[in-house]
1. From the list Val345, Val308, Val332, exactly one residue is more than 12 Å from the ligand (Cβ to nearest atom), assigned by TED's automatic domain parsing to the domain that holds Pro152 and touching a His at 6+ places or on another chain (Cβ under 7 Å). Which is it?
2. Pairs needed: first member in region 363-381, in contact (Cβ under 8 Å) with a residue 40 or more places away in the chain; second member anywhere, crowded, with 17+ Cβ neighbours inside 10 Å and part of a loop (DSSP other than H, G, I, E, B); C-beta distance under 6 Å; at least 6 residues apart or different chains.
3. Checking Ala61 against (1) among the small types (Gly, Ala, Ser); (2) away from the ligand (no atom under 16 Å from the Cβ); (3) surrounded by fewer than 20 Cβ atoms within 10 Å (Cβ to Cβ), only one condition comes out false. Which one?
4. Give the residue, chosen from Ala360, Ala394, Ala388, Ala408, that is exposed (fewer than 15 other Cβ atoms within 10 Å of the Cβ) and over 30 Å from Gln130 (Cβ atoms).
5. What pairs come up if the first residue lies in region 426-438 and is over 15 Å from Gly363 (Cβ atoms), the second is in a helix (DSSP H, G or I) and hydroxyl-bearing (Ser, Thr, Tyr), and their beta carbons are under 8 Å apart, counting only those six or more places apart or on different chains?
6. Just the residues that are away from the ligand (no atom under 16 Å from the Cβ) and either under 14 Å from the mean Cα position of the chain (by Cα) or part of a helix (DSSP H, G or I) (or both), please, taken from region 102-131.
7. Does region 177-214 hold any residues that are of a type in the set (A, V, I, L, M) and part of a loop (DSSP other than H, G, I, E, B), and which are they?
8. Of all residues being closer than 30 Å to Glu369 by Cβ, in contact (Cβ under 8 Å) with a residue 60 or more places away in the chain and among the aliphatic types (A, V, I, L, M) in region 162-207, which is nearest to the ligand (Cβ to nearest atom)? Just the residue, please.
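The values are calculated or read from the model by the stated rules, or taken from the named source; none is laboratory data. If you're wondering where the values come from, they're calculated on a predicted model, not measured in any experiment. Reconstructed Cβ throughout: ideal geometry from the backbone, glycine too, with neighbour counts over all protein chains shown.
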Amino acid sequence: MALWGGRFSAGSSSMFRQVNDSLPFDQVMAAQDMQGSIVWSRALHKAGVLSEQEQQQLEDALTRLQRQAEAGELDFAASTEEDIHSFVEAALIDELGDVGRKLHTGRSRNDQVATDFRLWVREHTDSLKQDLYQLIRALLNTANRHQEAIIPGYTHLQRAQPIMFAHWCLAYVEMFKRDISRLEDLQKRLNQCPLGSGALAGTTYPVDRDDIAQQLGFDSPCLNSLDAVSDRDFVLELLFTASTSMMHISRMAEDLIFYNSGEAGFLQLGDTVTSGSSLMPQKKNPDALELMRGKCGRVFGALQALLVTMKGLPLAYNKDMQEDKEGAIDTVNQWHCCLCIATEVLDSLSLNETRCREAAAQGYANATELADYLVEKGIPFRTGHDIAGKVVLAALEQSCPIEDMPLADLQAICDKFDDDVYPVLQLEYGVNKRNILGGTSAKTVIQALYQELENLDKQ
Ligand code: ARG
């Protein structure tokens, strides 16, 4: 039975119920709803609304419901209740009669749902942080397994300069660290408690809002009742953080799909995270990576959808806001799965270090070294750049790498070239010369790797 039937003489149409009811999805907040109700019953007792015995009855019944919810014993599918709040209240009334009917005194589903959803988001941001840490650990382990490996670094998908493979891993570590800090940052703003704001104007009962906030683990109560019931910034921030992180995952996936391609051949993915073709027996497709890339669509869509939903809403609560949940629930699920599968992909991959090295040595990726060499010989960089370009052109004509060009040919382009140019053109030379904070030299990369491993152990 609806919570609000008194004023109505006809029941809802079944199509209206289909559009209006949120129990099919907001049941995920069952635990939070019960937790909030326990604290509300205590607040009502302290405010003199419920006797000690009534409060105790409610708390006991809610605790039993919590246990049933945890054990998966609550039959949401068979329920005709509108949403999780009505479901819990109906269960209490079923069990306790009039005592159950007292729980909603001074409370609205508007402050209730805002509180429940904050609690739900808070819990999930905590576990998503752990997923991100796990992915960071997988990146660091992958870097550790291939400490010596050099791969081509790209700009415009053209071989640009050689880099340590570990440097590539650590670039993604930086991105996922920022995602963690974004989660921590949103947790600060999220952690204010709407309960006690009533439908929109505050409650008439003298409940202690500081105490309510504290019991639910919030830092403080929300300061304005109108804002408290109609604010969904915390969901938007979650969706933005998820979108940004999914974008990072997707870029990593894109790199790995390319590295795994027959053309690059830098690495192989494990059988556990790839699939075959129903027609072409030779295929081993990077499906896990493609799905990480593909699932960005729905996550970015959820962010866009909620922004659009919120943008025209007058204060305070409007039912449009019930649309905040499905996208957020799906986003949290997808983000969680993608973080976990990304971890599995990294754990499964094996790098073909020889092939990586060959590729890094090709494509004239040492041309910058040549320009820098000329700088050391006293030539301005812009001139050196031009000369190095001419060398590349000559090498292309001879179809050979720069380091295979005879000295006489180099000197014909610039008389500053000498025998000492050849060591400069070696692969390791270019890499290790970037021995600067944030650079790709083997030494700085290993230092950074150990630093990150140490940071992670402190978590
Ligand atoms: N199921 C609703 C939601 O998720 C709960 C709030 C309903 N409040 C109301 N006044 N109709 O937003």
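1. Values: Val345 fails: touching a His at 6+ places or on another chain (Cβ under 7 Å); Val308 fails: touching a His at 6+ places or on another chain (Cβ under 7 Å).
Every option except Val332 fails the conditions.
2. If the second residue must be crowded, with 17+ Cβ neighbours inside 10 Å and part of a loop (DSSP other than H, G, I, E, B), the pairs left are Asn366/Leu425.
3. Status for Ala61: all satisfied but (3).
4. Numbers: Ala360 fails: exposed (fewer than 15 other Cβ atoms within 10 Å of the Cβ); Ala394 fails: exposed (fewer than 15 other Cβ atoms within 10 Å of the Cβ); Ala388 fails: exposed (fewer than 15 other Cβ atoms within 10 Å of the Cβ).
Result of the check over Ala360, Ala394, Ala388, Ala408: Ala408.
5. As it stands, the answer is Arg434/Thr444; Asn435/Thr444; Ile436/Thr444; Leu437/Thr444; Gly438/Thr444, since those pairs meet every condition given.
6. Kept after step one, since they are away from the ligand (no atom under 16 Å from the Cβ), are these residues of region 102-131: 102, 105, 122-131.
Residues satisfying the conditions are Lys102, Arg122, Glu123, His124, Thr125, Asp126, Ser127, Leu128, Lys129, Gln130, Asp131.
7. Of the residues in region 177-214, the ones of a type in the set (A, V, I, L, M) are 180, 183, 186, 190, 195, 199-201, 207, 212-213.
Within region 177-214, Leu195, Ala199, Leu200, Ala201, Val207 qualify.
8. Met175
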